[in-house]
1. Counting only protein heavy atoms and a 1.4 Å probe, tell me what percentage of the chain's accessible area is made up of carbon and sulfur.
2. Students often get this wrong, so try it: which of [x] 21.0; [y] 23.5; [z] 22.6 is Kirkwood radius over Cα pairs in Å as calculated from the structure shown?
3. How many nm separate the modelled label positions at E67 and E176, each set 7 Å beyond the Cα in the direction of the Cβ?
4. Counting Lys and Arg as +1 and Asp and Glu as -1, what is the net charge of the other residues whose Cβ lies under 12 Å from the Cβ of A173?
5. Trypsin sites (Lys or Arg not before Pro), restricted to segment 143-187: which are DSSP loop and have at most 16 other Cβ atoms within 10 Å?
6. Compute the length gained on full extension between Y335 and S202: take 0.36 nm times their separation in residues and subtract their Cα-Cα distance, giving the result in nm to one decimal.
7. Quick check: net charge around V219, other residues with Cβ under 9 Å of its Cβ, Lys/Arg +1 and Asp/Glu -1?
8. Quick check: residue separation of A254 and F324 times 0.36 nm, minus the Cα distance between them. What number comes out in nm?
Amino acid sequence: MKIAIYGGSFNPVHNEHINIVRAAKSSLGLDRIIVIPTFISPHKKGVLCARARDRLQMCRLAFKDIEGVEVSDYEIKRGGVSYSYVTCRHFKKLYPDDELYFIIGADMLESFHLWREPEEVLKCVTLAVCARESGERLKKHIIAFNSRFKKEIVEINYVGAAVSSTKIRARAALGEDISKLVPNSVKRHIVGGQLYALPRISGVKRLLSEDRWQHTVRVAELAASRCVSLGIFEEDALIAAALHDCAKYLGRDADELKGFNPPENVPPPVLHQFSGAYVAEHTFGIKDSDILNAIRYHTSGRENMSALEKLIFLSDLLEEGRDFEDVDELRKLFYKDVNICLLTALKHQLNYLESTGKPVYSLTRRAYEYMKENYDK
């Protein structure tokens, strides 16, 4: 028989996971596919994670109607960090005479050499790779893989859409609709169990216009996409993103701003960052200083910003609804080097303010000078 193993955190499982399974079954002529949710993923520390039993149940709901697909609790029962080489070795022993494949995405192929015991994985299985969005990038990864490991790879005849579990978690955390991204049964499980809900930000939407709220959602999605690579707790980023504009439309006489004393000489477009931090603390009960500072300086920036502060500043500036000169180049930098992106963004901001005769806030100028001194190459 031809059997494929499809492992992952499935946090949560979504429509593209299902599409990949269907495509792999058809493209490779598979007899069985074993879907295996991890217990603890070694590469995704700090993410907002549903309990193992919920991720297992979501997988069972998602794949229950696909013939030849089973969901295994092997890694969950085993416990601890889930390493692919251990799982592949286990199933090779179970099915020594069968052809075994291991389904991965193109992004995982790029970092495969960094996995624990990659050679051991390849002793047990043949990698079956599926691209996302464009096959050109996958071809480059396959060439690099062949050069390093001298092993065959099979390609799944399917180019997946840009859907990610990270985006779904961000939307679910902010109470947004996820029905186009996951099966209805999975949606019901997520919403009913409040798997990714963040009670501390409940009520922020009522303070914003619909357009500003959609901007906030996009900021949260973008911020979440960089948390793992920057070592930032996803929950912190989502809370900061959700609340970064919470005082945008509050008047000075609003109940939420009683007791708020703004700093002196703050340009009007910048003031809401300070009032936002105040509301986040006194209305929403946020006490974490890093989250509050990410809100407090998300428009102006400042010297020596933390990783979370940089992330929220840039996510606010570069979310997909923004449209200004050089925004696409800045978005590329965002995923390559956050510090160079921030330096470039601050320079862009200063040039814009000066060219339009608008006031330049002292914090912004000092932020740029600090980044230039420490990161200009």
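The values are calculated or read from the model by the stated rules, or taken from the named source; none is laboratory data. All of these numbers come straight from a predicted model, not from anything done at the bench. A quick note on method: Cβ atoms are made from the backbone with ideal geometry, for glycine too, and the neighbour counts reach across all protein chains shown. Surface accessibility is based on the protein's heavy atoms, side chains included, excluding ligands, DNA and RNA. Shrake-Rupley method; radii C 1.70, N 1.55, O 1.52, S 1.80 Å.
1. Working: 8390 of 18240 Å².
Here carbon and sulfur together make up 46 percent of the probe-accessible area.
2. [z]
3. 3.9
4. Values: positive: K167, R169, R171, R200; negative: E176, E221, E234, E235, D236.
With Lys, Arg at +1 and Asp, Glu at -1, the neighbours total -1.
5. Details: sites: R148, K150, K151, K167, R169, R171, K180, K187; in loops: K150, K151, K180.
Within segment 143-187, the qualifying trypsin sites (Lys or Arg not before Pro) (loop, at most 16 other Cβ atoms within 10 Å) are K150, K151, K180.
6. Taking Y335 through S202 to full extension adds about 44.9 nm, to one decimal.
7. Details: positive: R218; negative: E221, D245, D316, E319.
Residues near V219 contribute -3 overall.
8. On the way: separation 70, 0.36 × 70 = 25.20 nm, distance 3.28 nm.
My answer for the length gained is 21.9 nm.
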